[in-house]
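Below is one structure, written out as structure tokens; comments come after it.
The values are calculated or read from the model by the stated rules, or taken from the named source; none is laboratory data. Keep in mind that what you see is a predicted model, and the values were worked out from it rather than measured. Neighbour counts are summed over all protein chains in view; Cβ atoms, including those assigned to glycine, are modelled from backbone coordinates with ideal geometry. Keep in mind that these areas ignore ligands, DNA and RNA; they rest on the heavy atoms of the full protein, side chains included. Shrake-Rupley method; radii C 1.70, N 1.55, O 1.52, S 1.80 Å.
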Amino acid sequence: MKYDKVFTYLIKTTCTIAPSMAEPFIFPKIHSFPPLYTKQPNLTVQEKQLESWSDLILNYCQHYRVTSLSQAGLPLTSQNSQLKLDQLPSIFENKSIDRQVNDEFKSIIFKYLVNKLHKAEYINVKKKDEGIFVWWKPLLEWASCLYNHMNDTGQTGTVFTIFELTSSNELGLPESLRNIDSSVMIRILRSMVKQGRTQLIMEDGEIGGVKFI
Amino acid sequence: MLLRYNREAYLELGRLINERQSSQLSTQLSVLQSAIVNFSVDHRETIRVNSEFRTKFTRLCQQVGIDPVALLIHSLGAGISDGVDKPQEYYTILLLRIVEVCQETRAMNGGLISLKELRSQLNTTSGTSVLELKVTDNDVTKCIEVLKELGNGYEIMQSNNSSWLRFSSITGGSSKDGGISVDQRNIYEMCLFTGGFVTYRLLHDNYGWDVTRCATIIEEMIMEGLLWLDTQGLKGEWQYWEPSWISN
């Protein structure tokens, strides 16, 4: 009878399918188009250009499960602990055609991702140079996958530390929820507080414990 | 320990079940889709004549993920070999689709698309791999002839053994007569030659244009989305790229 419950849970969690992460990301052809690296003067074209950059960034981050980028566009955190982040191919520079995006245009692209598409968020709204969270999976979806897992496995009501949620796998998290960087996890948890699904226990200004309700 | 082992095993089992179910479902879906494609060819007359039937059939197509317009093009053209005239309706509907593709890709290519790219766009927009259209260059050419009768704005260009469809926007823009000017054509030819771009220097050295002439035509083409600016050329020279490069 107990297994029946496990079964229903298994079939319900579509969150468990993990993509393969070893292959290098294949950049679209437009990444080799030299003018992509110059902000276009024609505004209609520029809009299209910003869309292309956004698609590229989202696909890239999803591929490597990168959850945040620095202001310069370098990966800050990834769920894939085997990746060497500083060795990933560069997003904003293409050495083979000797082109790169300048800082001004980078921040315009990020602004587009954040304000127009709502697929990214500044890590610190007051200090935009700290970089962005990239939500190739919407924040709400992260939250509900995590909550459903805790609920389905009967782990609501227990207090966990951020460390337990991010670094160990005592909680039996599906692969898609494992190894989330603590900065990203805290962002997810805060969104769940608003939904009334989580309580945070504060200690000296930091999160000491998390309880799913 | 045992619990952990069980959990892993069940996770694996669950994944397998998910995978199998989803692959069975997608097989069933493609069987249904091919049945609908065949049906549309066998009964194309009924579908054409009976409007109530057609409405229901169209709704069914949409529900199982087949683009009804693509299906119509397929059924009207089925079994007629290239070079032989197809029903007038075939061209009319295909024409509609060509205009759609042109409008959709305009922001990206500025209104110039190679026939090869256009055909591949037309042939793959059906929504399912079961239905692959086989639109030919002949078909496209016929359609463009009809379009021309409806007014200027669409024109086939030949350059370096490849054919291109050039279209100006419905709202006009600055190409007054809707066609391409001689200067624009020269720029396109230079782009094909260099592999995608022109510079003031190239235009000056090859066509003898002075700076003003270069600036006027390039400015105009940038505003129409026909050229993209690149400020990082060799030694910082500005290059102007022709955007259909991306899709070719």
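Could you tell me what percent of the accessible area of chain A is made up of carbon and sulfur, with a 1.4 Å probe and every protein chain present?
Carbon and sulfur atoms account for 52 percent of the accessible area of chain A.
Among the aspartates and glutamates, select those whose C-alpha is under 19 Å from the C-alpha of B:Lys148, and discard any that sit fewer than 8 residues away in the same chain.
Cα-Cα hits under 19 Å: B:Asp85, B:Glu89, B:Glu100, B:Asp137, B:Asp139, B:Asp177.
So if R0 is 45 Å, what FRET efficiency would A:Ser144 and B:Asp42 give, r being the distance between their Cβ atoms, rounded to the nearest 0.05?
Once rounded, the FRET efficiency stands at 0.45.
Residue by residue through region A:125-130, what is 3J(HN,Hα) from phi via Karplus (6.51 cos²θ - 1.76 cosθ + 1.60, θ = phi - 60°)? Round to whole Hz and write x for glycine and proline.
Karplus-based 3J(HN,Hα) across region A:125-130 equals 4, 7, 10, 5, 6, 7 Hz.
Before anything else, pin down the relative contact order of region B:14-171: Cα pairs under 8 Å, at least 6 apart, normalised by residue count, whole percent.
Here the relative contact order equals 20 percent.
Which lysines, on any chain, are close to B:Lys142 with Cα under 21 Å apart, when same-chain ones fewer than 8 places away are left out?
Excluding near neighbours in sequence, the set is B:Lys86, B:Lys116, B:Lys134.
Name the lysines eligible as straight-distance cross-link partners of A:Lys128: C-alpha to C-alpha under 22 Å, and not fewer than 8 places from it in the same chain.
A:Lys39, A:Lys106, A:Lys111, A:Lys116, A:Lys119, A:Lys137
Which order do the peptides A:85-98, A:188-201, A:28-41 take when ranked by the mean count of other beta-carbon atoms within 10 Å per residue, highest first?
A:28-41, A:188-201, A:85-98
Using the Cα atoms of chain B, I'd like the radius of gyration and the largest Cα-Cα distance, Dmax, both in angstrom.
24.6, 83
State, in square angstrom and to the nearest 100, the accessible area buried between chains A and B, both chains counted, probe radius 1.4 Å.
In total, chains A and B hide about 2700 Å² from solvent.
Alpha carbons only, please: Rg and Dmax for chain A, in angstrom.
19.2, 66
If you fit an axis through the alpha-carbon atoms of helix B:182-194 and take the longest principal axis of the Cα set of chain B, what angle between them do you get, 0 to 90°, nearest 10?
70 degrees
Would you mind telling me the share, in percent, of accessible area of chain B contributed by carbon and sulfur at probe 1.4 angstrom?
Carbon and sulfur together cover 55 percent of it.
Between the chain alone and the structure with every protein chain in place, find the residues of region A:38-67 that drop at least 50 Å² of accessible area; heavy atoms, 1.4 Å probe.
Relative to the lone chain, where solvent access is computed with a 1.4 Å probe, region A:38-67 loses at least 50 Å² at A:Thr38, A:Pro41, A:Asn42, A:Val45, A:Lys48.
Could you list log10 I(q)/I(0) for the protein assembly as shown at q = 0.08 Å⁻¹, which the Debye formula gives when each Cα is one point scatterer?
The calculated log intensity ratios at q = 0.08 Å⁻¹ are -0.68.
Please give the per residue accessible area of the protein assembly as shown, computed with a probe of 1.4 Å over protein heavy atoms only, in Å².
53 Å²
For helix B:51-63, report the angle its Cα long axis makes with the longest principal axis of the Cα atoms of chain B; keep it between 0 and 90° and round to the nearest 10°.
So the helix axis and the longest Cα principal axis differ by about 90 degrees.
Express in nm, to one decimal, how much length is gained between B:Glu155 and B:Gln62 on full extension, taking 0.36 nm for each residue of separation and deducting their alpha carbon distance.
Separation in residues times 0.36 nm, less the Cα-Cα distance, equals 30.2 nm.
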